[in-house]
Amino acid sequence: TTVQDALERGAIALFGEKYGEKVRMVSMGDFSKELCGGTHVNSTSEIGLFKIVSEISIGSGLRRIEAVTGTNLLNYLNKTLEYLNEAAAVLKASPNELTQKIKEIQNKVKQCEREIESLKYQSLNAQIDDVLRSQQEIEGINVISAQVKVKDMDSLRNASDILRQRVKSGIIVLGNASEGKVYFIVSVSKDLVDKGYHAGKIIKEVAKIAGGSGGGRSDFAQAGGKKPEMLQEALKAVYKIIAGE
């Protein structure tokens, strides 16, 4: 039949495919009509065993499926069973116990994650108590400048948030070195912002000492640096910076 005739009869032509003047239209009942470059069976009954192994989108409203059939499907099932048995052996379970075993492992992982978070919180609180004891008064301002040993910037921000709740009026500068880099966070209470102190300006000077740069709002700023060995020197410089020396 011609391409036009096939399309008028409802056949689907795949986008991007090239068709000649004469085409072959393959029908499967009344629910599927497609243009095809060639088939290997006279009817679907010759296919025998049939298993869909993937399906993807090939256009708006169009999906393409891939399947294995006949003896190839037997090989596919045998290989799948082999993988299943290997997984069961690793988990020391039978194949029919895998689902339950996986659920048990997932529950254990969640429990361990909760315990890790709890330990991290306890460790952070212990560090914060030490940090609070290092507080100094500079020009009548409560100043904290200390290293907090945490894993990442998010944890450093958490430490800053906790300290901001406990230090109602003051300037807090926290630093940490990790994986060859150094990170800083500066927090300034509202009453000191009103007096002209600016977290973004403070952190710019602090980060510069550690080979970095940064900035931010008047009440909160963060920055990074490339010289973790200069972390302590940068934190010590905070007192002079705030004192205007």
Subject >> Every pair of residues 6+ apart whose Cβ atoms lie under 7 Å, when the first sits in the range 158-177 and is free of Cβ contacts under 8 Å to residues at least 40 places away in the same chain and within 21 Å of residue 231 (Cα to Cα) while the second is open to solvent by 70 Å² or more (accessible area, probe 1.4 Å) and not in a strand (DSSP E or B) >> reply: 172/164
Original post:
assigned to a strand (DSSP E or B), surrounded by 10 or more Cβ atoms within 10 Å (Cβ to Cβ), at pLDDT below 75 and among the β-branched types (Val, Ile, Thr) - does that describe any residue in the range 11-23?
Top reply: yes
**OP:** Please find, within the range 133-148, the residue that is nearest to residue 192 (Cα to Cα) out of those that are open to solvent by less than 70 Å² (accessible area, probe 1.4 Å) and part of a strand (DSSP E or B).
**Re:** 141
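Out of the range 127-157, which residues are of a type in the set (Val, Ile, Thr), touching a strand residue (DSSP E or B) at 6+ places or on another chain (Cβ under 7 Å) and in contact (Cβ under 8 Å) with a residue 40 or more places away in the chain? Can you show your working first?
Keep residues of the range 127-157 that are of a type in the set (Val, Ile, Thr), which gives 128, 131, 138, 141, 143-144, 148, 150.
From what's left, touching a strand residue (DSSP E or B) at 6+ places or on another chain (Cβ under 7 Å): 131, 141, 143-144, 148, 150.
Once the filter is applied, which keeps residues that are of a type in the set (Val, Ile, Thr), touching a strand residue (DSSP E or B) at 6+ places or on another chain (Cβ under 7 Å) and in contact (Cβ under 8 Å) with a residue 40 or more places away in the chain, the range 127-157 yields 131, 141, 143.
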**OP:** Could you grab the pairs with beta carbons closer than 8 Å, sequence gap of 6+ or different chains, first residue in the range 216-242 and open to solvent by 10 Å² or more (accessible area, probe 1.4 Å), second one of a type in the set (Asp, Glu) and part of a helix (DSSP H, G or I)?
**Re:** 237/205; 241/205
**OP:** Run residue 168 past the list (1) outside any helix (DSSP H, G or I); (2) farther than 15 Å from residue 141 by Cβ; (3) open to solvent by 10 Å² or more (accessible area, probe 1.4 Å) and report the number of the one that doesn't hold.
**Re:** (2)
Original post:
residue 162 passes all but one of (1) part of a helix (DSSP H, G or I); (2) in contact with a strand residue (DSSP E or B) (Cβ under 6 Å, 6 or more places away or on another chain); (3) within 30 Å of residue 116 (Cα to Cα); which number fails?
Top reply: (2)
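The values are calculated or read from the model by the stated rules, or taken from the named source; none is laboratory data. The shown structure was predicted, so the numbers you read here are calculated from the model rather than taken from an experiment. Glycine gets a Cβ as well: all are built from the backbone with ideal geometry, and neighbour counts include every protein chain shown. Accessible surface is based on the protein model in full, side chains and every heavy atom, while ligands, DNA and RNA are left aside. Shrake-Rupley method; radii C 1.70, N 1.55, O 1.52, S 1.80 Å.
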